[in-house]
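None of the figures in this text is laboratory data; all of them are computed from the coordinates on show. Bear in mind that the values here come from a model prediction, so they are computed numbers and not experimental data.
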Amino acid sequence: MLQALLVTFTSCEEENEPQHNDNRISWNVISTNMQYSRAMIEGVTDLKNACAYGNGKSIGIKSSYILDDTNYDHVLGNPDGDVSLIYDLNTSNDNYEGWTYNGTATYWQRGAKYTFNAYYPMEQVLQMSEITSNANSPFVMSCNTEFFQEDLLMAYKYVNTSDYSFNSKKPVDLNMLHALSALKFIFTFTHNDQDLLTDFWLENTTSYKGLSYIGELEFGNYNEDGTINNGDKITWTCKTPTSPSNKMYQWEDANGVAFSQNTYGVAYSTKANDYQKYTENNAFILIIPQVNDGTINFCFKLKSTGDHVYSVKLPTPPNDTKAYEAGKRYIYEIKISSTSIDANITIADWDEYKSSVDITLP
């Protein structure tokens, strides 16, 4: 009798077990352990904190697959084709080292060849732009960095479930890379360190040239047979500025911000206007990667000279294309003396962890 009961209980338990456990797609998000992928995110130090359960931010994933020579879009369960990943170490299922679905789990289709396009932050990206495709690329979106000052991260992964090495239990690696460039301006005053900085902005000097803050991103491109080529390649097309008078990334402080002789700088709160804070990411301004064509100025005002505007040509990056590259940070050191204004530039891979709502003025 006892043996019969045990057999009956075991059978019922097996019937109630979740189906397709071996086919659930799991994920491994890679960013904070690599120097070039460290995130600069407002208020937090890394993607795990940003996407922690309850924080309201997540990684979006758009996917399609090819099966029997037929292409299938919107394969991850949602009507718009995207799923949302959050970070939750307390989640007991749909989980790989904390990365889990913010909704219903999805499963592998055996024999299919998958492409995954991941992007962060999902909520802000979808508010800013509709993700579409065109004849060249499976993933197209627009970006306006005048309003969007967050670290835009992207990842691509191709998985062929017909490959002999495919393991449905192995998570999909999402190597999150930066899609934007970062600029930082540090001021030093060698003549009168009692003066104050009251205003700062970037400005284009020529119509239809200069720095653009509106661009369209293409993530990967198609081969002739419809498969993806250079899936992890990000291509930006910038909208040409129509006016040379636009003040870009402006902040101001009517009372003025004092210069400091501290080598590492002192942080001071600044605010551009009622709807947008600039230099909130550890004093970096995030811009669309593009060429500096020599028609961009940085402009500022000092307390001692009132409304007088100092305007200086923004030095170009010292590379063959004179372009700001994704995942690079460019630090301009502005040295002001009684007779001159000099600007030097240093370049490094993205390696800042901390974020703030301050601008650093050494």
What are the ³J(HN,Hα) couplings of the stretch 139-155, residue after residue, when phi is run through the Karplus curve with 6.51, -1.76, 1.60 and θ = phi - 60°? Round to Hz, x for glycine and proline. 9, 10, 8, 9, 8, 10, 6, 5, 10, 9, 10, 10, 5, 8, 10, 9, 8
In whole Hz, the Karplus estimates of ³J(HN,Hα) for the stretch 166-172 (6.51, -1.76, 1.60; θ = phi - 60°; x where Gly or Pro) are 5, 10, 5, 7, 7, x, 7
Starting from the amide H of Gly210, placed 1.01 Å from N in the peptide plane, find each other amide H under 5 Å away whose residue is 5 or more places distant or on another chain. Asp293, Thr295
Under 5 Å from the placed amide H of Asn28, counting only residues 5+ away or on other chains, we find Val172, Asp173, Leu174
